[in-house]
Amino acid sequence: MPTVRDWVPTRRDTLRLGAGSLLGGIVGDGLWPVRARAAGRSNPRGTARFAIVVEAAGAISHVDTFDFKEDAGTQSDFDVRQVRNGLYIPYRLFPQLSELMNRISIVRTFKSHEVVHFRGEYYTRAGRPLNPAQAEEIPPVGSVVASELDGQRRESDTFPTFVSCNLGNVALPSGLLHPRYSGLDIDAGAGAGSVSATGEALQLLEERYRLLGDLERAVERNLSSRGPAMSAFRSFQEEAYHVLGDSRWPQALAMEEADKERYGDNDVGRGCLLARNLVKADAGTRYVHVKHGGWDHHKRIYDHAAGSNHYKHCNDLDRALSSLMRDLESTPSPRDAQKTLLDETIIAVPTEFGRVPGALNLVHGRHHYNEVYIGLFAGGGVQGGRVIGRTDAAGERALETGWKYGMQPKTENIVASVYSALGIDWRKEITDTPSRRVYRFVDPLGATEPCIDDEIEELFV
């Protein structure tokens, strides 16, 4: 009996035709591919092959973590220790990361355009504030990475370039980019069996695909009039088949009990473990976005009896991130014997804003605060052990940005730094958009004040 491989395009053909999320994009066939051009002078570093972004969604309290300030809200059991010259960290919250700070750089003076969650999380994922007039065509950062690195995909690369974890129905579509650049969002807690096909399951998939092909050939004339949506959906089906039929896919999704114990059997632990597996597989995935939600501690922030509290979230992030870094650092690069996978992977931990410093509020929590917040960076060319920027004694204002510019860096500059590490010109722009508004990879026109569209050079040199 013939199989689906008798008529499905080769993997290279499929990648050229395109496939991606069922969410799809909005651009018609006539505008694919979009035209990107350089809009300024930039010099991407190209120090990383992979990027892993661990989003602390809900806004981590900067003054209780990596810009520690002793104040009326500080807990007596934090066990604050000096881990490097002038760097104090609550050891109770980060016992493992405290030992890795020579590999991690901290930026303490980010400023956010946003101060509410929906807009703040969008800002983190899209790399720009929400603009309702243009939102429909704005892609997430991962889709831009997938588009820019598409030409580097190999015949053996069957995994999606952009994979996310835990986003669910809040994952952003590919916007003005082709649907093949959409992210594949995975619920790592569902297990490999929910998204892989082997043995009899793969045989059944092949037979159904063969029958689908027979049906589509019979109605091919009618399909041609159904527009780009049908083309995108068909491409998605073809790419899905190639992923599900690759034996490396279930291996990448498999999670050993010992690994789950080290990383933590929770959203961020499983997400970071999945990211490790995808990087180690080297099967096409270059950008992984992991959501670690639940940091919105308006009340009972330190209450151990609360379902969500600062201790638990810090400990979960500590286990997941430290295990990810150690595993990547202990794995030699398959391409360069002088490097490890951590050398080839930039890791960024952004959040949407900070939390109010000082005494706790009347319900024993901290509200939103956007004047300063933190970000962590490691691997992929980042010089570890640096603390960039300085805030005042209360953690309320930036005294020194730590950046070569006087303006505080923003989420746009996190995005520019990740693009730079991956070798992407962050000053590119797309002019042939559906709205005819120019789309810039890093937009200097922020919602509340202009931005400087540059990387954070101090992370690298």
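The values are calculated or read from the model by the stated rules, or taken from the named source; none is laboratory data. In this text, all values refer to a predicted model and were calculated from it rather than measured experimentally. Glycine also receives a Cβ, built like all others from the backbone with ideal geometry; neighbour counts cover every protein chain displayed.
List of remarks:
- Checked against (1) touching a strand residue (DSSP E or B) at 6+ places or on another chain (Cβ under 8 Å); (2) assigned to a loop (DSSP other than H, G, I, E, B); (3) among the β-branched types (Val, Ile, Thr), Val363 meets all criteria but (1).
- Top-ranked residue in the stretch 366-381 [being among the small types (Gly, Ala, Ser) and outside any strand (DSSP E or B); ranked as surrounded by the fewest Cβ atoms within 10 Å (Cβ to Cβ)]: Gly381
- Cβ-Cβ under 9 Å pairs, at least 6 apart or on other chains, the stretch 383-401 side free of Cβ contacts under 8 Å to residues at least 40 places away in the same chain and closer than 17 Å to Val63 by Cβ, far side among the basic types (Lys, Arg) and surrounded by fewer than 17 Cβ atoms within 10 Å (Cβ to Cβ): Leu399/Arg390
- Residue match in the stretch 354-372 (condition: out of contact with any Cys (no Cβ under 9 Å at 6 or more places or on another chain), modelled with pLDDT of 95 or more and within 30 Å of Leu278 (Cβ to Cβ)): no
- One residue alone among Gly406, Gly384, Gly423 is on the phi > 0 side of the Ramachandran plot and either assigned to a loop (DSSP other than H, G, I, E, B) or of a type outside the set (S, T, N, Q) (or both), and that residue is Gly423.
Listed here are the residues, each with its yes/no results for (1) surrounded by fewer than 23 Cβ atoms within 10 Å (Cβ to Cβ); (2) at pLDDT below 95; (3) not in a loop (DSSP other than H, G, I, E, B).
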site	(1), (2), (3)
Gly269	no, no, yes
Asp296	yes, no, no
Asn315	yes, no, yes
Ile346	no, no, yes
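- Candidates Gly193, Gly189: the one that is assigned to a helix (DSSP H, G or I) and modelled with pLDDT of 65 or more is Gly189.
- Yes/no for Arg390 being closer than 21 Å to Val116 by Cβ, of a type in the set (D, E, K, R) and either out of contact with any helix residue (DSSP H, G or I) (no Cβ under 9 Å at 6 or more places or on another chain) or crowded, with 19+ Cβ neighbours inside 10 Å (or both): no
- Test: residue in the stretch 277-285 that is assigned to a helix (DSSP H, G or I) and under 26 Å from Arg355 (Cα atoms): no
- Annotation note: of Ile60, Ile89, the sole residue that is among the hydrophobic types (A, V, I, L, M, F, W, C) and in contact (Cβ under 8 Å) with a residue 60 or more places away in the chain is Ile60.
- Restricting Asp265, Asp327 to those that are surrounded by fewer than 20 Cβ atoms within 10 Å (Cβ to Cβ), under 21 Å from the mean Cα position of the chain (by Cα) and modelled with pLDDT of 95 or more reduces the list to Asp265.
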